[in-house]
Amino acid sequence: MQFNSHFNQVSQSYLFSTIAKKVAAYSAANPDKTILRLGIGDVTLPLAPAVISAMHAAVDEMGAKETFRGYGPEQGYDFLKEAIQGYYAARGVSLERDEIFVSDGAKSDVGNILDIFADGNTVLVPDPVYPVYVDTNVMAGRKVMYMDANEANGFLPMPDYSVDADVIYLCSPNNPTGAAYTVGQLREWVDYANAKGAVILFDAAYECFVSQPGLARSIFEVEGAKTCAIEFCSFSKTAGFTGTRCGYTVVPFALERGGMSANKMWLRRQTTKFNGVAYIVQRGAAAVFGPEGQRQIQANLDYYRANAALIADCMDELGIRYTGGKNSPYIWLKCPGGMDSWKFFDYLLENIQVVGTPGAGFGANGEGFFRLTAFGSREVTAEAVQRLKKLLSR
Ligand code: PLP
């Protein structure tokens, strides 16, 4: 017996454990100081009332003989898939109901989708990157190539025809950089993928933060994307489902290679290895798309947007360069004074007790950058901004 030796190549992630250790050590030595956390990628506002009442009703259905449900369709109930279809249609994107697969969140599907790709495929990811794209491929023994996301390209790398990649990861609005592609930029990626026969895995987990016209919320806003892209989305940040778990993946019927259909393969994969998302959770997710649900989740998103604006305005005032903050809950800033990411982390912790995430933890190109998030409370965000202004305007 042998275990999968590719696991030996997966780099250990010390990022969040190192942050936790440093913060714990500082707290222990300085019990009188209040620590302000702007490092987390988790939401803090509770589920919307419309979601809660839909889930309560679903719980009651599960408790009555006439309305009880056992196993549901692995790919999701039609009521939720149709609601998602309507959400896309409202943005001018037409999807077939069975191109939509309901999941327990984007992270699972982003990892699991690799089941349908050949082991020999080469993979292209941006640097800095959401680490899941890299680690899931390394676990499967695939070769990972990096493309530079940096200040020069606004952290939005564009296709290079001299590079041959089979599977390309794009995340927009991006974690960690907050940068977001325009529809025109994504068109260039779609043209590249179609020309090369590559497939784009488009992570739209933060699409709900896009408010500026011209920026893409779905890769399927681009004509031709259905022959070269799969899209992952989530209720986590849209509707506070990080602990409730629900997402969806769009696999177009038109995506075929070598006579094989990605949609049919993904359906086969899911029906083999996945037994669907809880009925109660799917009812809650469907309520997000009702008029009440939409109003309530938009109010929550506006709250986070206002936090992001507070941080972005602070950076503007301090003359610190950053991406994100406007169509994203992330503010990716250049560490002032040429400090490296961890040095800046220590500097903020020791002087003003503000905790963020060092960019170096997301890849080599993240060195010298720092991520702050808008998911905290207004009070914490406003206080952190005051402290940042006081410290960094000196
Ligand atoms: N994709 C990106 C880029 C993320 O940042 C996250 C979570 O932070 C996810 C996917 C995971 O989303 P989910 O909670 O739906 O698994």
Practice problem: Could you tell me which of rounded, prolate or oblate describes the stretch 228-378, using a ≥ b ≥ c as the square roots of the eigenvalues of the alpha-carbon gyration tensor, with rounded for a/c under 1.5 and, failing that, prolate when a/b is larger than b/c and oblate otherwise? | Solution: prolate
Quiz item: Hey, got a sec? Which GluC sites (Glu not before Pro) in the stretch 332-394 land in a DSSP loop and have at most 16 other Cβ atoms within 10 Å?
Solution: Glu367
Self-check item: Other-chain or far-sequence residues with amide H under 5 Å of Thr177's (modelled H)
Solution: none
Practice problem: State, to one decimal in nm, how far the label point of Ala24 lies from the label point of Phe79, with both points 7 Å from Cα in the Cβ direction. | Solution: 4.4
Quiz item: How far, in nm, would the chain grow between Met339 and Val10 when pulled straight, counting 0.36 nm per residue and subtracting the alpha carbon separation?
Solution: 115.6 nm
Exercise. Any lysines with Cα under 22 Å of the Lys21 Cα? List them, leaving off those in the same chain fewer than 8 positions away.
Key: Lys33, Lys343
Practice problem: Taking H placed 1.01 Å from N in the peptide plane, check which residues at least 5 places from Gly247 or on another chain put their amide H under 5 Å from its amide H. | Solution: Ser103, Asp104, Gly105, Phe235
Quiz item: How would you rank 323-332, 337-346, highest first, on the average number of other Cβ atoms within 10 Å across their residues?
Solution: 323-332, 337-346
Self-check item: Fewest-first ranking of Leu114, Leu38, using other Cβ atoms within 10 Å as the exposure measure
Solution: Leu114, Leu38
Quiz prompt | Gyration tensor verdict on the stretch 96-201 (Cα atoms; rounded if a/c is under 1.5, prolate if a/b is larger than b/c, oblate otherwise) | solution = rounded
Self-check item: the stretch 1-159 pair-distance distribution - Cα-Cα, 5 Å bins, rounded %
Solution: 1, 6, 8, 10, 13, 14, 14, 13, 10, 7, 3, 1, 0
Quiz item: Counting each DSSP H run of 4 or more residues in the chain as -39500 (n - 2.57), what helix-only mean residue ellipticity at 222 nm follows after dividing by all residues, to the nearest 500 deg cm²/dmol?
Solution: -12000 deg cm²/dmol
Practice problem: Could you tally up the Lys pairs in the stretch 49-290 with alpha carbons closer than 17 Å? Skip any pair fewer than 8 positions apart unless they're on separate chains. | Solution: 6
Quiz item: Hey, what do the phi angles of the stretch 250-262 turn into as Karplus ³J(HN,Hα) couplings, whole Hz, using 6.51/-1.76/1.60 and θ = phi - 60°, x for Gly and Pro?
Solution: 9, 10, x, 4, 6, 7, 9, 9, x, x, 9, 9, 4
Quiz item: With charges only on Cβ, +1 for K and R and -1 for D and E, what is the dipole size of the stretch 49-290 about its Cα centre, in debye, rounded to 20?
Solution: 500
Quiz item: So what J values fall out for the stretch 50-60 if you push phi through Karplus, 6.51 cos²θ - 1.76 cosθ + 1.60 with θ = phi - 60°, rounded to Hz, Gly and Pro as x?
Solution: 5, 5, 4, 5, 5, 6, 4, 4, 5, 4, 4
Exercise. Compare the peptides 149-159, 165-175 by average per-residue count of other Cβ atoms within 10 angstrom and give them in order, highest first.
Key: 165-175, 149-159
Quiz item: Using the eigenvalues of the Cα gyration tensor, what equivalent ellipsoid semi-axes result for the chain when each is taken as the square root of five times the eigenvalue, whole Å, largest first?
Solution: 34, 27, 21
Self-check item: the stretch 320-325 - phi-based ³J(HN,Hα) in whole Hz, Karplus 6.51/-1.76/1.60, Gly and Pro as x
Solution: 9, 6, 7, 10, x, x
Quiz item: Just Arg305, Arg97, Arg217 to compare: in a GNM of the chain, with alpha carbon springs under 10 Å, which one fluctuates most?
Solution: Arg97
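Just so you know, all these numbers are worked out from the coordinates, no wet-lab data involved. Owing to the predicted nature of the structure, the values given are computational and were not obtained by experimental measurement. Here the Cβ is made from the backbone with ideal geometry for all residues, glycine too, and neighbour counts use every protein chain on show.
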